[in-house]
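See below for the structure under consideration.
Read the figures in this text as sums done on the coordinates, not as results from a lab. A quick note: this is a predicted structure, and the numbers were derived from the prediction, not measured. As a convention, Cβ positions derive from the backbone with ideal geometry for all residues, glycine included, and neighbour counts pool all protein chains shown.
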Amino acid sequence: ARWTAEDGWTGGEVVPFGPLTLSPAAAVFHYAQEIFEGLKAFRHADGSVWTFRPEKNAERMQRSARRLALPELPTEDFLASLTAQVAADEPWVPAAGGEDSLYIRPFMFASESFLGVRAAQQVDYYVITSPAGAYFPRGVQPLVVWVSDTYARAGAGGTGDAKCGGNYASSLLGKKEAAEHGADEVLFLDSETHTTIDELSGMNVMAITNDGRILTPELTGSILEGVTRDSILQLARDRGLEPGEQKMSMDWVTDRIAGGEIVEMFACGTAAVINPIGEFRSPKGSWTVGDGGSGEITLSLREELTGIQTGTVEDRHGWLHRLA
Ligand code: PMP
């Protein structure tokens, strides 16, 4: 679909996957006026195809659009675009029974051709899909996480909590640095003081304490409001864990890992759903979380959430949305 300042949103059809034709002066190439979303479609045992809480992604895309001076796509149009694209790509939705899925990537960018710095008057919106196998084909593997004290990902007041390409461009060097230290992932701290935990490059972070609490950094404007994060806080509440959204300094967390008060930690997001964190590394030292393996509550929350998504556990919160 295309939006212009003059006509609003028009078009919206399914076309074969192929290259786009864009002007070299398209604003997106120069000023990164671009946003995106990520969801998954799962096939259930009866052959039907479902996605998970897509209204949350629609609302997040509207918030991202406002921050990037892009037009808002109404929720019903967002949902219709997912339905149309997944109907066309249905043969690619894997068979039921595993965690395999079809990844869905909606995105919107400034396609107007001009060189001045201002909000574009022409914007394009697309949805593409890609088959995604199970995230852990050989069983759940705990992450080694590098704590970046040099690079931040996004700042509050900047594009902080928007899901825009620029926030990922700023994360790539931190990810590279993590790999150089033998880590799987990078943990970003706040951009002002480099002391409090924000998130990983593509996942939110949670900690479970030995007195039955589940802690996660509060949303201060630089952390992506994850759909998985919100869902896990709800499932945790359902089973009597007390959720705490709070500022968490890295020193506070490593003290509690060392002291045994924090017993499990994990990262969460659409792709992995839940990925245990086994170890943190930083220029100051390294810390093994629990026994370095996958925690019991972490795995049990993961099983419940993937069960809801794949249709084997009751969807008691009405989170599933049928696509085909
Ligand atoms: N933080 C970042 C930076 C992400 O890219 C993602 C993935 N969208 C998340 C957190 C988790 O969000 P969600 O649970 O909605 O996938």
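Close amide-amide hydrogen proximity is noted between S201 and V186, each under 5 Å apart and 5 or more residues distant or on a separate chain (H modeled in the peptide plane; Pro and chain starts excluded). Peptide packing for 106-115, 2-11 was compared via the average number of neighbouring C-beta atoms within 10 Å per residue; ordered from the highest value, the list is 106-115, 2-11.
Over 20 Å, how big is the tail of the calculated P(r) for region 2-132, in percent of all Cα pairs? Counting pairs separated by more than 20 Å, the tail of P(r) holds 48 percent.
Could you list W146, W319 so that the one with the fewest beta carbons within 10 Å of its beta carbon is first and the one with the most is last? Let's see the in-between values first.
Details: W146 26, W319 19.
Ascending number of Cβ neighbours within 10 Å: W319, W146.
Computed over region 100-166, the convex hull of the alpha-carbon atoms projects to a mean area of 7.9 nm². Distance between the modelled labels on A95 and E225, one decimal in nanometres: 4.0 nm (7 Å Cα→Cβ projection). Extending 7 Å from Cα along the Cβ direction at A119 and again at R213 yields two label points whose distance is 4.1 nm.
In the chain, Cα pairs under 8 Å separated by at least six residues give a relative contact order of 19 percent. Once backbone amide H atoms are built at 1.01 Å from N, T270 has T228 as its partners under 5 Å, excluding neighbours fewer than 5 places away on the same chain.
Within the shell of other residues whose beta carbon sits under 9 angstrom from the beta carbon of A110, the net charge comes to -3, with Lys and Arg scored +1 and Asp and Glu -1.
Here's how it looks for G244: its modeled amide H is under 5 Å from those of I214, L215, T216, which are all 5 or more places away or on a different chain.
Residues in region 192-218 near a label at D255, defined as backbone nitrogen under 14 Å from the 7 Å Cα→Cβ point? Inside the label zone: 196. Rg then Dmax, both in Å and based on the Cα atoms of region 143-310: 14.8, 41. Were the residues from A156 through Y126 laid out at 0.36 nm apart, the gain over their Cα-Cα distance would be 8.0 nm.
Please quote Rg/Rh for the chain to two decimal places, taking the Kirkwood radius as Rh and restricting both calculations to Cα atoms. Present the calculation step by step, with values, prior to reporting the outcome.
Numbers: Rg = 20.2 Å, Rh = 20.7 Å.
Ratio of gyration radius to Kirkwood radius for the chain: 0.97.
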